[in-house]
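Below is one structure, written out as structure tokens; comments come after it.
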Amino acid sequence: MKNEFIAVQFELLADLLEIQGANPFRIRAYRNAARTISSTSESLSDLVIEKQDLTQFAGIGKDLAKQIEEITTKGQHSALEELRKQIPGGVLDMLRIPGVGPKKVSVFFNELGLKSLEDLKAACEAGRLSKLKGFGKKTEESILANIAMATEHSQRASISDARAAAELIVEDLQKLKEIGQVAVAGSCRRRKETCGDLDILATCSDSGPPMDCLAAHPLVDSVLQRGETKQRVRLKTGMELDLRVVPEESFGAAMQYFTGSKEHNVVVRQRAKDLGLKLNEYGVFRYDVQVAGRTEEDVYAAIGLPWFPPELRENRREFEWADAGKLPELVTIADIKGDLHMHTTASDGAATIEQMAIAARERGLKYIAITDHSKRVSMANGLDANRLRKHWDDIRRIRETISGIEILCGIECDILEDATMDLPDDVLAEADWVIAVLHYGLKQPGDQIMKRLMTAVTNPHVDIIGHCSGRMIGRREGADINFSELLKAAADNQVMMEINAHPSRLDLDDIHAAAAKDLGIPIVISTDSHSVNGFEVLEYGVDQARRAGLTKDDVANTRTLKEFRKLLKSS
Ligand SMILES: [Zn+2]
Ligand SMILES: [Zn+2]
């Protein structure tokens with residue numbers, strides 16, 4: 001079990017306590033613990049297995065240690081479950097509204113008795129919020145405007161949450177002695193940024209044991225429906241999951257069918273038809289004789305198609321590539337050699353330069369860039385020219401003492417609202433690596449946003465645009481960007497584009513990353529790590545790149561540092 005999984009439960013518990021109006025010290029204790037847990041490189045679940053004392057960690061007392069033990073050994077958290085019973089799920093949905101935290105939700109729930117997004121919407125429309133102490137008309141209007149976004153996304157989980165749940169359940173089903181094959185299908189297997197629900201397929205001579213196992217699983221809230229071969233359950237997160245038990249000879253066909261996408265499958269079915277074949281979730285049939293179905297490879301081969309990596313199955317260009325015999329060999333996580341976006345204690349990171357470098361080396365990376373924030377991000381303790389130069393001196397000193405990994409002096413420099421850079425050119429000129437980003441004023445009109453991005457792209461020292469749109473999936477829309485104009489300028493000015501691997505960013509998205517590739521713009525997949533555990537998100541960035549059809553060659557940080565440097569405009 002990943003530390004992140006435990007941290008999320010503690011954060012949620014703190015949110016619930018805050019909504020309930022509990023003692024602030026108790027709330028803070030959970031939040032501090034969550035922070036400690038997510039910034040620790042050792043796996044807590046391993047430590048529990050080794051019977052180590054968890055109170056060695058700052059902020060983890062006896063009680064919290066017991067709770068961690070419960071989560072890692074039983075997969076459940078009784079303190080959290082107890083609270084969940086007292087606070088309706090719809091109250092938690094309100095936390096998805098941008099600008100609304102547990103404090104405000106507490107007021108909505110306790111003072112106005114609102115229990116869902118619909119309740120809150122009605123209260124805003126009736127002007128009930130603006131009558132509350134500390135809430136004005138403006139707040140009420142902005143909450144109302146943001147509810148639609150929260151409603152739209154409340155049904156969808158981020159790919160990281162979806163995968164965590166699906167993979168844990170698959171792992172547990174695999175332990176059954178009766179079970180044959182088990183695998184995740186659906187949008188989760190295609191690694192879409194968000195998933196509406198989950199699909200798991202299994203083979204087993206008797207559907208009883210896997211369905212019983214799922215019904216009793218600690219992540220499962222309730223069984224919605226159970227038939228001979230299909231069971232639908234609701235997870236405690238609100239997500240729904242379908243388990244289908246299929247015959248061995250149909251497993252490949254079922255995987256192909258339930259992985260989707262619908263659009264991809266329409267074309268595959270038509271191709272089968274053109275060959276006089278019938279394709280369904282049980283197999284490929286000529287007349288009524290099954291000719292394939294056991295594996296996906298067989299299914300595609302029977303229709304004269306290559307096996308498609310699930311990330312490509314969107315009916316975009318995969319059939320065109322397949323027909324030309326040019327299905328791209330997609331980049332893999334093993335190809336990544338460097339990570340060029342991360343933070344340290346110099347700004348808002350949790351680890352020192354040294355700790356980040358060592359953690360990166362342990363993960364097999366050959367080079368990194370330390371890219372703390374510039375001064376505009378004052379809440380993250382952003383660096384001005386003086387502090388930045390001192391910080392770079394520290395990096396230069398430390399890189400002499402650490403072998404096996406190269407460290408670049410970088411900066412994540414804000415592009416200010418007035419379309420100037422947050423640091424002067426002479427400072428940027430001294431950096432090995434400059435990421436330019438929009439953090440503030442994302443709602444400015446498109447013209448101004450483009451003016452800002454153009455300032456960055458045409459700056460001689462900017463190497464890359466980081467998390468281009470600034471979106472936070474499910475919480476905040478990205479800036480109004482004219483991508484064709486931006487990408488063309490980036491190509492002309494030898495500026496790279498980042499895929500930020502954090503599952504709430506994944507920015508560039510798959511469509512724009514594919515467009516960047518077409519223009520020959522090198523893509524860098526970066527973790528934007530704020531702690532030694534931050535590197536774990538790399539896989540989500542790689543998945544996004546794969547969805548864009550990117551090969552190892554298209555991704556700049558698959559190169560050795562020497563080769564990577566040749567792509568820089570200063571080279
Ligand atoms: Zn940033
Ligand atoms: Zn960053």
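The values are calculated or read from the model by the stated rules, or taken from the named source; none is laboratory data. Owing to the predicted nature of the structure, the values given are computational and were not obtained by experimental measurement. Here Cβ is always computed from backbone atoms with ideal geometry, including for glycine, and neighbour counts include all displayed protein chains. All accessible areas refer to the heavy atoms of the entire protein, side chains included, with ligands and DNA or RNA removed. Shrake-Rupley method; radii C 1.70, N 1.55, O 1.52, S 1.80 Å.
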**Fill in**
The condition of being in contact with a Gly (Cβ under 7 Å, 6 or more places away or on another chain) and of a type outside the set (Ser, Thr, Tyr) holds, among CYS188, CYS204, only for CYS204
**Complete:** Conditions (1) open to solvent by 10 Å² or more (accessible area, probe 1.4 Å); (2) away from ligand 1 (no atom under 15 Å from the Cβ) -> ALA490 fails only (1)
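Conditions tested, residue by residue: (1) more than 16 Å from ligand 2 (Cβ to nearest atom); (2) within 21 Å of the chain's Cα centre (by Cα).
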position: GLY349; (1), (2): no, yes
position: ILE353; (1), (2): no, no
position: VAL377; (1), (2): no, no
position: ASP384; (1), (2): yes, no
position: ASP393; (1), (2): yes, no
position: ARG396; (1), (2): yes, no
position: CYS409; (1), (2): no, no
position: CYS413; (1), (2): no, no
**Residue, farthest from ILE499 (Cα to Cα), within the stretch 218-242, restricted to residues that are without any contact (Cβ under 8 Å) to a residue 60 or more places away in the chain and open to solvent by less than 20 Å² (accessible area, probe 1.4 Å)** = GLN231
**Asked** Any idea which of ASP288, ASP274 is surrounded by fewer than 14 Cβ atoms within 10 Å (Cβ to Cβ) and closer than 21 Å to THR229 by Cβ?
**Response** ASP288
**Asked** Would the stretch 295-305 turn up any residue that is within 32 Å of the chain's Cα centre (by Cα) and farther than 29 Å from LEU241 by Cα?
**Response** yes
**Asked** In the stretch 301-345, what residues are under 30 Å from LEU388 (Cα atoms) and away from ligand 1 (no atom under 16 Å from the Cβ)?
**Response** ILE336, LYS337, GLY338, THR345
**Request:** Among the numbered conditions (1) open to solvent by 20 Å² or more (accessible area, probe 1.4 Å); (2) touching a helix residue (DSSP H, G or I) at 6+ places or on another chain (Cβ under 8 Å); (3) at pLDDT 90 or above, tell me where ILE60 comes up short.
**Result:** (1)
**Item:** GLU318 open to solvent by less than 30 Å² (accessible area, probe 1.4 Å), charged (D, E, K, R) and not assigned by TED's automatic domain parsing to the domain that holds ASP509
**Value:** yes
**Prompt:** Only one of (1) within 16 Å of ligand 2 (Cβ to nearest atom); (2) open to solvent by 10 Å² or more (accessible area, probe 1.4 Å); (3) in contact (Cβ under 8 Å) with a residue 60 or more places away in the chain fails for ILE464. Which number is that?
**Reply:** (2)
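Residue by residue, here is whether (1) at pLDDT 95 or above; (2) under 24 Å from the mean Cα position of the chain (by Cα); (3) of a type outside the set (S, T, N, Q) holds:
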{"site": "GLY196", "(1), (2), (3)": "no, yes, yes"}
{"site": "PRO210", "(1), (2), (3)": "yes, no, yes"}
{"site": "LEU214", "(1), (2), (3)": "yes, no, yes"}
{"site": "LYS236", "(1), (2), (3)": "no, yes, yes"}
{"site": "PHE251", "(1), (2), (3)": "yes, no, yes"}
{"site": "TYR257", "(1), (2), (3)": "yes, no, yes"}
{"site": "GLN270", "(1), (2), (3)": "yes, no, no"}
{"site": "LYS273", "(1), (2), (3)": "yes, no, yes"}
{"site": "LYS278", "(1), (2), (3)": "yes, no, yes"}
**Asked** Is it true that GLY293 is open to solvent by less than 50 Å² (accessible area, probe 1.4 Å), under 30 Å from ALA380 (Cβ atoms) and among the small types (Gly, Ala, Ser)?
**Response** no
**Item:** Residues (outside any loop (DSSP other than H, G, I, E, B) and of a type in the set (Ser, Thr, Tyr)) located in the stretch 208-243
**Value:** SER222
**Fill in**
Among the residues of the stretch 1-53, the number that are buried (at least 21 other Cβ atoms within 10 Å of the Cβ), among the aliphatic types (A, V, I, L, M) and more than 21 Å from the chain's Cα centre (by Cα) is 7
**Prompt:** Taking VAL495 and the conditions (1) β-branched (Val, Ile, Thr); (2) closer than 23 Å to ASP554 by Cα; (3) within 18 Å of the chain's Cα centre (by Cα), which numbered condition does it fall short on, given that it satisfies the others?
**Reply:** (3)
**Prompt:** For the stretch 103-114, does any single residue satisfy the condition of being more than 20 Å from LYS138 (Cβ to Cβ), at pLDDT 90 or above, outside any loop (DSSP other than H, G, I, E, B) and within 26 Å of the chain's Cα centre (by Cα)?
**Reply:** no
**Asked** Of the numbered conditions (1) within 15 Å of the chain's Cα centre (by Cα); (2) surrounded by fewer than 18 Cβ atoms within 10 Å (Cβ to Cβ), LYS175 satisfies every one except a single condition; which is it?
**Response** (1)
**Fill in**
Exactly one of GLU140, GLU111 is surrounded by fewer than 13 Cβ atoms within 10 Å (Cβ to Cβ) and in contact (Cβ under 8 Å) with a residue 12 or more places away in the chain, and that residue is GLU111
